[in-house]
Amino acid sequence: MSEDQTSPDPILDSDVCEISTLKLDVEPLEKVHVVPLHRRPDLLVPCADLVNSEWQRSQAARVHALQKSCSEFPVCLVLLRGPRGSEKLLGHARLSLVVGHGGSLFVESVVVSRPERGKGLGRTLMEETERYAKNRGFRRLVLTTHDKQHFYAHLGYVLSTPVQNAGAMTTFVPMETLLRFSRTSNEETERRTENGVTQRSREAAGGGGGSSPAPVPPPPPPLPPLQSVEPILQTLTETPYRDAKGVPIYWMHKDI
């Protein structure tokens, strides 16, 4: 897909991701479907309560965050069961753009209602999230987890490396600006490093100004022999990555 990933939201009234043959541990068997939350504002408060049941925030703050869901990303998806007007809210997942990776989306805030757990709905939520992303033209999903790495590995996700999640920034900062800022930061770091090396070289050669060149310092002592360092590997039981609080975190991705 081209760099422009902000195609119109394809999920209309006739395009809801329905599952007609899903065998869930419920009686009677009912259809389950995924809907973008911004098309169902009546579910904002129940969805805020669902997400808060896993990650506690004030209801007002959570509703405000969920209201950022839009067809241009980030988009919040809700998993529902039953006919419209009497649906039961089962789960939630959020998709955001990834800076510098036009074909990737970041998955976060994946949660299933506590009374509905153990019925295969987590897998269903992820499968329908993948299908939504694929229908929008994306080809890779990236996520992080503190302790569900085995669950995601069972769904086909593999260990990966960190990426920059645009999150809600794209609702008021264009992706082009984020990309330009990211490139500018990297280029500025490289420029400062290069200028520092050049300036030191000039001073060592006597080109830093003044009437007489600076004395040449003695050569540094020889370095001690390098010791071999074992690379830090990420496995399903150990990870070198930490979140902002210093808690171990696993990065994973899946090509869809």
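The values are calculated or read from the model by the stated rules, or taken from the named source; none is laboratory data. Because the structure is predicted, anything quoted here is derived from the model rather than measured. We place every Cβ from the backbone using ideal geometry, glycine too, and count neighbours over all the protein chains shown. What goes into the accessible areas is simple: the full protein's heavy atoms, side chains included, and nothing from ligands, DNA or RNA. Shrake-Rupley method; radii C 1.70, N 1.55, O 1.52, S 1.80 Å.
Which of the residues spanning the stretch 35-64 are small (Gly, Ala, Ser) and crowded, with 18+ Cβ neighbours inside 10 Å?
Within the stretch 35-64, ALA48 is the sole residue that qualifies.
Under 20 Å from ASP42 (Cβ atoms) and touching a residue at least 24 places away in the same chain (Cβ under 8 Å): is that true of VAL142 in this structure?
So VAL142 does not fit the description; no.
Return the residue satisfying two criteria in turn: it lies in the stretch 114-137 and is outside any helix (DSSP H, G or I) and either touching a residue at least 60 places away in the same chain (Cβ under 8 Å) or touching a helix residue (DSSP H, G or I) at 6+ places or on another chain (Cβ under 8 Å) (or both), and of such residues it is surrounded by the fewest Cβ atoms within 10 Å (Cβ to Cβ).
So, considering only residues that are outside any helix (DSSP H, G or I) and either touching a residue at least 60 places away in the same chain (Cβ under 8 Å) or touching a helix residue (DSSP H, G or I) at 6+ places or on another chain (Cβ under 8 Å) (or both), the one surrounded by the fewest Cβ atoms within 10 Å (Cβ to Cβ) is GLY118.
Restricted to the stretch 80-99, and to residues that are part of a strand (DSSP E or B) and of a type in the set (Lys, Arg), which residue is farthest from THR129 (Cα to Cα)?
Among those that are part of a strand (DSSP E or B) and of a type in the set (Lys, Arg), it is LYS88.
With the structure loaded, tell me whether LEU77 is in contact with an Asp or Glu (Cβ under 8 Å, 6 or more places away or on another chain), open to solvent by less than 90 Å² (accessible area, probe 1.4 Å) and either modelled with pLDDT of 95 or more or outside any strand (DSSP E or B) (or both) or whether it fails that test.
yes
Can you find even one residue in the stretch 60-71 that is among the basic types (Lys, Arg), touching a Pro at 6+ places or on another chain (Cβ under 8 Å) and touching a residue at least 24 places away in the same chain (Cβ under 8 Å)?
Within the stretch 60-71 (the criterion being among the basic types (Lys, Arg), touching a Pro at 6+ places or on another chain (Cβ under 8 Å) and touching a residue at least 24 places away in the same chain (Cβ under 8 Å)), the answer is yes, since at least one residue qualifies.
Is it fair to say GLY91 is at pLDDT below 95 and not β-branched (Val, Ile, Thr)?
no
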